[in-house]
Amino acid sequence: MTKTVNTTPYTDQKPGTSGLRKKVPVFQQPNYAENFIQSIFDSLEGFAGKTLVIGGDGRFYNREVIQIAIKMAAANGFGRVLVGRGGILSTPAASHVIRKYEAFGGIVLSASHNPGGPTEDFGIKYNIGNGGPAPEKVTDAIYAHTKTIERYKIADVADVNLDAEGEQQVAGMTVQVINPVSDYAELMETLFDFPAIRAHLAGGFRIVFDAMSAVTGPYAKEILENRLGAAKGSVLNFVPLPDFGGHHPDPNLVHARALYEEMMGENAPDFGAASDGDGDRNLIIGKGIFVTPSDSLAMLAANATLAPGYAKGLAGIARSMPTSGAADRVAQKLGIGIYETPTGWKFFGNLLDAGLATICGEESAGTGSSHVREKDGLWAVLLWLNILAVRKESVVDIAREHWTTYGRNYYSRHDYEEVDSAAANGLMDALRSQLATLPGRKLGDLTIEMADDFSYHDPVDHSVSNNQGIRILFKGGSRVVFRLSGTGTSGATLRVYIERFEPDATKHDVDTQVALADLIEAADALAGIKERTGRTEPTVIT
Ligand code: G16
């Protein structure tokens with residue numbers, strides 16, 4: 001029933017920021033997915049007879065790879081697989097299921113916010129027993145195995161029925177098809193004051209949630225409409241589609257433009273939100289105000305004790321380095337730790353496991369907490385709703401009051417997508433070579449105080465991660481950061497992160513791009529973006 005198949009390595013299976021992401025036709029090459037999955041198993045020890053969780057965001061090719069993963073898990077000696085019905089599990093739900101059922105680990109099939117379809121993106125990610133993305137030492141080991149693989153093991157059996165909940169046997173292994181939503185929805189009920197949110201919604205507070213034809217549809221329908229009583233129709237685009245309806249399931253101001261326009265319109269609902277392909281990102285828009293992910297992290301942390309799950313207070317806050325310093329001011333006021341990690345949710349795992357941080361967040365629309373080991377889109381929406389239900393103020397009022405108390409970190413990210421890889425690497429190399437001479441240099445009214453390539457020293461396992469982004473700090477606390485994305489699938493994506501701190505409340509009403517104009521100009525002067533990339537404008541501004 002089990003067979004061993006000879007294979008040869010592919011040279012391009014190095015996991016990026018979040019697993020292996022490639023175009024579907026790349027994954028459809030003979031043995032491509034099998035090689036990577038076998039390399040995951042070959043890098044692990046001690047899983048014989050244990051449980052593996054498998055799920056995905058429902059994108060094109062999800063079902064095929066789920067079948068392959070189940071059959072390979074059986075052949076490699078796992079005792080049990082928990083798989084979401086229809087092959088569906090949002091990334092945060094998969095993390096929760098791993099933790100709740102004490103699984104050995106999980107395979108999550110997703111390319112997150114990247115588009116889906118026969119010629120679009122697919123991805124495979126391995127999560128460890130704490131429910132979080134595999135740390136670098138595991139992804140490095142997986143990559144090493146992909147370079148030398150000679151065979152993989154797979155059960156030679158018929159496909160599993162993914163559409164009926166319950167148990168089946170596959171080559172001596174038990175496969176349990178589970179409801180993808182119920183465990184997650186129960187967890188949310190333990191963290192948030194559902195009766196208060198329900199009462200607030202019943203009192204006329206109007207919300208809209210755009211599931212972007214991706215995985216959060218069934219979760220949002222169940223939680224927001226069925227359990228919390230939001231008006232029917234509050235959840236839009238709730239049927240997960242293999243190609244996300246032809247859109248990018250990326251909850252930002254470009255790809256969720258219709259939601260943004262609605263929220264800025266005259267008869268806007270009170271609260272608008274969206275989540276991405278696999279349900280771990282969030283977009284938060286109040287009536288008339290977009291809340292940047294960095295601000296959202298700070299505001300959620302400042303108000304978290306209003307939710308029952310966080311009533312005892314936070315142990316600490318963690319943010320990725322390019323995320324604005326807004327959360328740092330909250331941590332300072334609360335007298336708790338603040339941790340600055342490289343981009344990638346995997347870097348939060350140790351801090352959460354060690355109890356050093358309770359809430360984590362990233363500028364890339366990710367926020368989450370110690371309840372799972374992934375960022376969690378609906379969790380952020382529910383924490384906002386809990387805070388709004390208790391404070392009974394508008395999002396605008398909460399944001400303004402926050403800025404008055406803590407100061408405002410004007411913040412924007414400029415992305416240059418599908419740039420020629422050599423040009424992008426050349427730009428970063430040129431910046432790197434200037435680092436030592438930059439301090440003291442003046443650009444208009446700005447003076448560079450410090451410049452480095454960020455290195456992270458993990459305080460828990462003492463591992464060191466170098467070259468995590470170039471930081472240029474100016475006198476007065478403004479900052480520009482340059483990084484190449486680790487999640488794109490074609491060419492390179494240059495990310496430029498721009499930030500200015502403004503303590504004066506009379507200056508909190510400026511348009512963000514205007515408030516950052518001199519820094520944007522300085523970024524181009526330093527890196528030669530236009531000249532090196534040939535682009536006059538960013539592809540996406542968030
Ligand atoms: C992934 C990671 C995040 C990271 C984001 C952007 O998110 O989990 O930690 O911030 O990619 O990374 P990059 O700037 O390298 O493209 P997701 O939602 O894509 O899984």
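Screening GLU189, GLU165, GLU150, GLU120 for residues that are of a type in the set (D, E, K, R), out of contact with any Cys (no Cβ under 9 Å at 6 or more places or on another chain), in the same structural domain as ARG281 (by TED's automatic domain parsing) and open to solvent by 20 Å² or more (accessible area, probe 1.4 Å) leaves exactly one candidate, GLU189.
May I ask you to list the residues in the stretch 262-288 that are more than 16 Å from the ligand (Cβ to nearest atom) and either under 13 Å from PRO251 (Cβ atoms) or in the same structural domain as GLY55 (by TED's automatic domain parsing) (or both)?
Of all residues in the stretch 262-288, those more than 16 Å from the ligand (Cβ to nearest atom) come to 262-272, 285-288.
MET263, GLY272, ILE285 - these are the residues of the stretch 262-288 that are more than 16 Å from the ligand (Cβ to nearest atom) and either under 13 Å from PRO251 (Cβ atoms) or in the same structural domain as GLY55 (by TED's automatic domain parsing) (or both).
For the stretch 193-208, indicate whether the set of residues that are farther than 19 Å from LEU383 by Cβ, among the acidic types (Asp, Glu) and in a loop (DSSP other than H, G, I, E, B) is non-empty. Taking every residue of the stretch 193-208 in turn, none turns out to be farther than 19 Å from LEU383 by Cβ, among the acidic types (Asp, Glu) and in a loop (DSSP other than H, G, I, E, B).
Against the conditions (1) more than 14 Å from the ligand (Cβ to nearest atom); (2) under 24 Å from HIS247 (Cα atoms); (3) out of contact with any helix residue (DSSP H, G or I) (no Cβ under 9 Å at 6 or more places or on another chain), GLU64 satisfies every one except (3). I want to confirm something. Restricting to the stretch 45-82 and keeping residues that are acidic (Asp, Glu) and more than 13 Å from VAL160 (Cβ to Cβ), which single residue is most open to solvent (accessible area, probe 1.4 Å)? The qualifying residue most open to solvent (accessible area, probe 1.4 Å) is GLU45. If only residues of the stretch 361-373 that are touching a Pro at 6+ places or on another chain (Cβ under 6 Å) and near the ligand (Cβ under 8 Å from one of its atoms) are counted, the one that is modelled with the highest pLDDT is GLU363.
Mind checking whether some residue in the stretch 84-103 is of a type in the set (D, E, K, R) and surrounded by 24 or more Cβ atoms within 10 Å (Cβ to Cβ)?
no
Looking across the stretch 13-46 at every residue that is assigned to a loop (DSSP other than H, G, I, E, B), within 28 Å of the chain's Cα centre (by Cα) and more than 24 Å from ARG63 (Cβ to Cβ), the one that is farthest from the ligand (Cβ to nearest atom) is identified as GLU45. Please work out which one of (1) assigned to a loop (DSSP other than H, G, I, E, B); (2) more than 24 Å from the chain's Cα centre (by Cα) is the condition ALA111 fails and give its number. Just one mismatch for ALA111, condition (2). Number of residues in the stretch 129-163 that are assigned to a loop (DSSP other than H, G, I, E, B) and touching a residue at least 60 places away in the same chain (Cβ under 8 Å): the value is 13. Residues that are at positive phi, without any contact (Cβ under 8 Å) to a residue 24 or more places away in the chain and away from the ligand (no atom under 16 Å from the Cβ): does the stretch 339-359 have at least one? No, that holds for no residue. Taking the stated definitions as given, is ALA331 farther than 25 Å from ASP57 by Cβ and small (Gly, Ala, Ser)? When the stated conditions are applied, ALA331 passes them.
What number of residues within the stretch 273-288 are over 22 Å from ALA93 (Cα atoms) and open to solvent by less than 30 Å² (accessible area, probe 1.4 Å)? Here the count works out to 2.
The values are calculated or read from the model by the stated rules, or taken from the named source; none is laboratory data. This one's a predicted model, so the numbers in the text were calculated from it and none came from an experiment. Counting neighbours? That spans all protein chains shown, and the Cβs are built from the backbone with ideal geometry, glycine included. Accessible surface areas use protein heavy atoms only, side chains included; no ligands, DNA or RNA. Shrake-Rupley method; radii C 1.70, N 1.55, O 1.52, S 1.80 Å.
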